[in-house]
Amino acid sequence: MPADGSPSFKSRESLQAIFRPRSVAVIGASTAPEKLGYQIFRNILEAGFPGTVYPINPKATEILGRPCYPSIDTIPAEVDLATIIIPAPLVADTIRQCSKRGAKGAIVISGGFSETGPEGEALQDKLLQAARESNVAVIGPNCQGVNNPHHPLCASWPLLTRRGGVAIVSQSGTVGAALMDWASQEELGVSTFVSLGNRADVDEADLIHYFAQDPHTRTIAIYMEGVKAAHKFLQAVRQCRKPLVVLKAGRTPKGRKAAESHTRSLAGRDEVYEGVFRQLGIHRADDLEQLYDFSKALAYLPRPRGRRLLIVTSSGGSGILATDMAENTGLDVVPLPEEVARKLRAVLPKHCIVANPLDLTGDANAEMYRQVVEAAGPHFDIVGLIFGDPIPGASKVVGTEPLQLVIYLGGAEVERQERLLFHQKGIPVFPTPERGIRALSELLR
Amino acid sequence: MTIAIGKAMQEGRNLLEPEAYELLAAYGVAVPGHRFVSSAEQAEEAAAEVGYPVVAKIVAPDILHKTEVGGVLLNLNDAAAVRAAYRHIVERSRQAKAALKGILIARMAPPGTEVIAGLTQDAQFGPVVMFGLGGVFVEVYRDVSFRLVPLTEPDAVAMIREIKAFPILQGIRGGRSADLTALADLLLTVSRMGQENPEIAEMDLNPIIVYEKGLSVVDARVLLHHEAAAA
């Protein structure tokens, strides 16, 4: 911390060494396919890392066809990043050795640190001391690594390579990986995935500070059990101009206790977090699904110019669910202007219910949605399009004026194909009316 | 540092209620007309001065919950009631073995909507301002809102509006709205008091009675950081 007491963030240079390294050493790379040391090394190669990767293991000569080195001292050139998967007592010294070979960053996958008790805590203190003295930025320990598909660098698992606009920062490896997996399945991808683990050195505030400047990141999604350093966190958030979505776990007394033993986090009083998040303009997600949905909406939808919402649906039930959620989240489902209704009644089939919600009913086709948006769009700030049946060509009729929120359900194989087409165009699709409208409402907070 | 805080710090105790009133008044916060007295005669004079009906409250630094020891007598309407109340409180403090500093005679605040506000310390974030409706809303429903010090005006407005019971403040069944501007000003003042007096560890204004116009802080408890003073 500088003399004036203001917090200092990890330098851009040291975090670049972690997220965009030119070369990587995998210390503890393994020949055994069931070991993380093998999987991470393989994932770095298979994701297409553009630089040199050095596997390091004194007991192997070659891993996946690459020559293996007995120690970091024996590699032929310097490295930017060390990925470390070796027993906890060896980590601190290894970080010092890596620093001597040029490393500015390290990802420590190994567990056995503060999460295990006082002995582990002492090892973590040594790790931190080594990191500070040798000027190496450390992610972890006890973490699931880093995946930057834009570089690409997959020093993590599972192997996922889809590029997108949401940065995922998670105190839990699995929670973060699940988000990334969903984004990958939907072909939306992520900008970067970071598993923080025990946050001995690099914490969420450093990463908010970094991703605020990252050109690929539009929105930052964070899973946390508590902030590490309140003052630093506040400063990072106040400086960040991108939407931040946070899922803060440990809301109940027993949840708080579980958080303390998971990553030794001080979970704090939930009402205070609620107030702080509101004060800072952080979007608070109540569960994983909301963390995913809010980030998706904030990253891929523009901000609507107002709250007037027209709901167009092929499913009456879905239209009502959407209306209820809209009412509960402060959106205005205002009546359809009479002149627009008259125009639409002339072109739509007789059995359509021309109101708001506008129910095209089960035999709706993509062309009808287009006609509705064309006639009614100018009178609304947002059109919520609910495709509630297998409606082919949906992705061809959705435009950008006014803001169009796409919800697709009940469409089976056609829906799955259309969803991917939408996502390839950068238009997010939500799986239920409630989730779509709830996420949309965050854009107006 | 106000004189009251300085004196209490020196004596290693928290603020007495008359001192808490003094602190609030120094920040322009409305408190009921009151006198701090130490005899039955003074009590009677004080009551006549502040105007009936009055309340008599025990002032003793080691008593945190005045009502529980029978140290608060409400709705005293004449001189005889005030003298009796004085004697009763002296007797109760003797039974509770409390060091009695005196008795506070304050004008009874007319009824209105009861809210609470306060300042507490969060282990990580430091001083925070709290707001909620009084009674069951806080105790049962935990219907409270928090913001970090320092508060901005939009923060104060937002923390009033976000409690679930907000419609009660706006006025239900044809009732008139409570003075939301005065309430927002009070929250900003609490924030400023926290910022300007780092000796304050905790402040509990409970209840505050809000009217169509204005409000009155009826009961105030201010705890100080004594360790910080020693350091």
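The values are calculated or read from the model by the stated rules, or taken from the named source; none is laboratory data. Predicted model, so just to flag it, every value in this text is computed and none were measured. So basically every Cβ, Gly included, is an ideal-geometry build from the backbone, and we count neighbours across all protein chains shown. For the accessible areas, the whole protein counts, side chains as well, though only heavy atoms, and no ligand, DNA or RNA atoms are used. Shrake-Rupley method; radii C 1.70, N 1.55, O 1.52, S 1.80 Å.
For the range A:30-45, give me the residue count where each residue is within 20 Å of A:Thr161 (Cβ to Cβ) and either hydrophobic (A, V, I, L, M, F, W, C) or outside the structural domain of A:Leu160 (by TED's automatic domain parsing) (or both).
5
Looking at the range A:139-159, can you tell me whether even one residue there is in contact with a Leu (Cβ under 8 Å, 6 or more places away or on another chain), open to solvent by 40 Å² or more (accessible area, probe 1.4 Å) and either within 17 Å of A:Gly37 (Cβ to Cβ) or in the same structural domain as A:Ile18 (by TED's automatic domain parsing) (or both)?
For the range A:139-159, residues in contact with a Leu (Cβ under 8 Å, 6 or more places away or on another chain), open to solvent by 40 Å² or more (accessible area, probe 1.4 Å) and either within 17 Å of A:Gly37 (Cβ to Cβ) or in the same structural domain as A:Ile18 (by TED's automatic domain parsing) (or both): present.
Are there any pairs with C-beta distances below 6 angstrom linking a residue in the range A:282-294 that is closer than 21 Å to A:Cys240 by Cα and open to solvent by less than 20 Å² (accessible area, probe 1.4 Å) to a residue that is basic (Lys, Arg) and modelled with pLDDT of 95 or more, with the two at least 6 apart or on different chains, and if so which?
Cβ pairs passing all conditions: A:Asp293/A:Arg435.
Given (1) modelled with pLDDT under 95; (2) within 18 Å of A:Ala77 (Cβ to Cβ), identify the lone condition not met by A:Asp4.
Failed condition: (2).
Hey, could you check the range A:253-281 for residues that are in a loop (DSSP other than H, G, I, E, B) and at pLDDT below 95 and say which is surrounded by the most Cβ atoms within 10 Å (Cβ to Cβ)?
Taking the candidates together, the pick is A:Ala267.
Out of the range A:415-426, which residues are open to solvent by less than 30 Å² (accessible area, probe 1.4 Å) and farther than 17 Å from A:Trp182 by Cβ?
To start, the set of residues in the range A:415-426 that are open to solvent by less than 30 Å² (accessible area, probe 1.4 Å) comprises A:415, A:418, A:422-423.
Listed by number, the list holds a single entry, A:Glu418.
Does A:Pro243 meet the test of being free of Cβ contacts under 8 Å to residues at least 24 places away in the same chain and away from chain B (no Cβ under 14 Å)? Spell out the reasoning first.
Working: free of Cβ contacts under 8 Å to residues at least 24 places away in the same chain: no; away from chain B (no Cβ under 14 Å): yes.
No, not satisfied.
May I ask you to list the residues in the range B:142-160 that are more than 9 Å from chain A (Cβ to nearest Cβ), without any contact (Cβ under 8 Å) to a residue 24 or more places away in the chain and loosely packed, with under 13 Cβ neighbours inside 10 Å?
Just the residues of the range B:142-160 that are more than 9 Å from chain A (Cβ to nearest Cβ), to begin with: B:143, B:149-150, B:153-154, B:156-157, B:160.
From the residues that got through so far, the ones that are without any contact (Cβ under 8 Å) to a residue 24 or more places away in the chain too are B:143, B:154.
Once the filter is applied, which keeps residues that are more than 9 Å from chain A (Cβ to nearest Cβ), without any contact (Cβ under 8 Å) to a residue 24 or more places away in the chain and loosely packed, with under 13 Cβ neighbours inside 10 Å, the range B:142-160 yields only B:Pro154.
Which of the residues belonging to the range B:161-171 are part of a helix (DSSP H, G or I) and either away from chain A (no Cβ under 12 Å) or under 22 Å from B:Glu202 (Cβ atoms) (or both)? So that I can check it myself, show each step before the final result.
Step one: list which residues in the range B:161-171 are part of a helix (DSSP H, G or I), which gives B:161, B:166-170.
Passing the criteria: B:Phe166, B:Pro167, B:Ile168, B:Leu169, B:Gln170.
Report yes if B:Arg13 is on the phi < 0 side of the Ramachandran plot and open to solvent by 50 Å² or more (accessible area, probe 1.4 Å), otherwise no. Outline the logic, then answer.
Values: on the phi < 0 side of the Ramachandran plot: yes; open to solvent by 50 Å² or more (accessible area, probe 1.4 Å): no.
Spelling it out, it is not the case that B:Arg13 is on the phi < 0 side of the Ramachandran plot and open to solvent by 50 Å² or more (accessible area, probe 1.4 Å).
Which ones in the range A:209-226 are within 14 Å of chain B (Cβ to nearest Cβ) and either modelled with pLDDT under 95 or surrounded by fewer than 22 Cβ atoms within 10 Å (Cβ to Cβ) (or both)? Walk me through it before giving the result.
Initially, the range A:209-226 is screened for residues within 14 Å of chain B (Cβ to nearest Cβ), giving A:224-226.
Within the range A:209-226, A:Glu225, A:Gly226 qualify.
Considering A:Ala355, A:Ala326, A:Ala346, A:Ala322, which residue is surrounded by fewer than 17 Cβ atoms within 10 Å (Cβ to Cβ), assigned to a helix (DSSP H, G or I) and not assigned by TED's automatic domain parsing to the domain that holds A:Thr192?
Numbers: A:Ala355 fails: assigned to a helix (DSSP H, G or I); A:Ala326 fails: surrounded by fewer than 17 Cβ atoms within 10 Å (Cβ to Cβ); A:Ala322 fails: surrounded by fewer than 17 Cβ atoms within 10 Å (Cβ to Cβ).
Result of the check over A:Ala355, A:Ala326, A:Ala346, A:Ala322: A:Ala346.
Check off (1) in a helix (DSSP H, G or I); (2) under 24 Å from B:Asp143 (Cβ atoms) for A:Gly226 and give me the number that stays unchecked.
(1)
Being modelled with pLDDT under 95, within 23 Å of the chain's Cα centre (by Cα) and open to solvent by 70 Å² or more (accessible area, probe 1.4 Å) is the filter; apply it to the range B:89-122 and report the residue that is farthest from the other protein chains (Cβ to nearest Cβ).
Among those residues, the one meeting the criterion is B:Arg92.
Anything in the range B:121-138 that is over 16 Å from A:Ala230 (Cα atoms) and outside any helix (DSSP H, G or I)? List them, or say none. If you could, list the steps in order and put the result at the bottom.
Our first condition is that a residue be over 16 Å from A:Ala230 (Cα atoms); within the range B:121-138, this holds for B:129-138.
Of everything in the range B:121-138, those that are over 16 Å from A:Ala230 (Cα atoms) and outside any helix (DSSP H, G or I) turn out to be B:Val129, B:Met130, B:Phe131, B:Gly132, B:Leu133, B:Gly134, B:Gly135.
Quick one: which residue in A:Glu34, A:Glu46, A:Glu13 is under 24 Å from A:Pro158 (Cβ atoms) and touching a residue at least 12 places away in the same chain (Cβ under 8 Å)? Talk me through it step by step, then tell me what you get.
On the way: A:Glu34 fails: touching a residue at least 12 places away in the same chain (Cβ under 8 Å); A:Glu13 fails: under 24 Å from A:Pro158 (Cβ atoms).
Of the residues listed, the single one that is under 24 Å from A:Pro158 (Cβ atoms) and touching a residue at least 12 places away in the same chain (Cβ under 8 Å) is A:Glu46.
Residues that are out of contact with any strand residue (DSSP E or B) (no Cβ under 8 Å at 6 or more places or on another chain) and either in the same structural domain as B:Glu44 (by TED's automatic domain parsing) or under 26 Å from B:Arg13 (Cβ atoms) (or both): does the range B:114-126 have at least one?
Going residue by residue through the range B:114-126, those that are out of contact with any strand residue (DSSP E or B) (no Cβ under 8 Å at 6 or more places or on another chain) are B:123-124.
Within this subset, residues satisfying the condition of being either in the same structural domain as B:Glu44 (by TED's automatic domain parsing) or under 26 Å from B:Arg13 (Cβ atoms) (or both) are B:123.
Yes, there is a match, as at least one residue in the range B:114-126 is out of contact with any strand residue (DSSP E or B) (no Cβ under 8 Å at 6 or more places or on another chain) and either in the same structural domain as B:Glu44 (by TED's automatic domain parsing) or under 26 Å from B:Arg13 (Cβ atoms) (or both).
Mind telling me which of the residues B:Val54, B:Val69 ends up being more than 14 Å from chain A (Cβ to nearest Cβ) and at pLDDT below 95? Break it down into steps so the answer makes sense when it comes.
Values: B:Val54 fails: at pLDDT below 95.
Answer to the check: B:Val69.
When the residues of the range A:179-197 are narrowed to those that are out of contact with any strand residue (DSSP E or B) (no Cβ under 9 Å at 6 or more places or on another chain) and modelled with pLDDT of 95 or more, which ends up nearest to A:Leu291 (Cα to Cα)?
Result: A:Trp182.
Of all residues being without any contact (Cβ under 8 Å) to a residue 12 or more places away in the chain and in contact with a Gly (Cβ under 8 Å, 6 or more places away or on another chain) in the range B:123-141, which is farthest from the other protein chains (Cβ to nearest Cβ)? Just the residue, please.
For the range B:123-141, the residue satisfying everything is B:Ala123.
Within the range A:406-445, track down each residue that is in a helix (DSSP H, G or I) and polar (S, T, N, Q).
Keep residues of the range A:406-445 that are in a helix (DSSP H, G or I), which gives A:412-424, A:433-442.
Passing the criteria: A:Gln417, A:Gln424, A:Ser441.
For every residue, the table says whether it meets (1) among the polar types (S, T, N, Q); (2) more than 25 Å from the chain's Cα centre (by Cα); (3) in a loop (DSSP other than H, G, I, E, B).
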| site | (1), (2), (3) |
| --- | --- |
| A:Ser8 | yes, no, yes |
| A:Ala17 | no, no, no |
| A:Val24 | no, no, no |
| A:Phe49 | no, no, yes |
| A:Pro55 | no, yes, no |
| A:Pro58 | no, yes, yes |
| A:Glu78 | no, yes, yes |
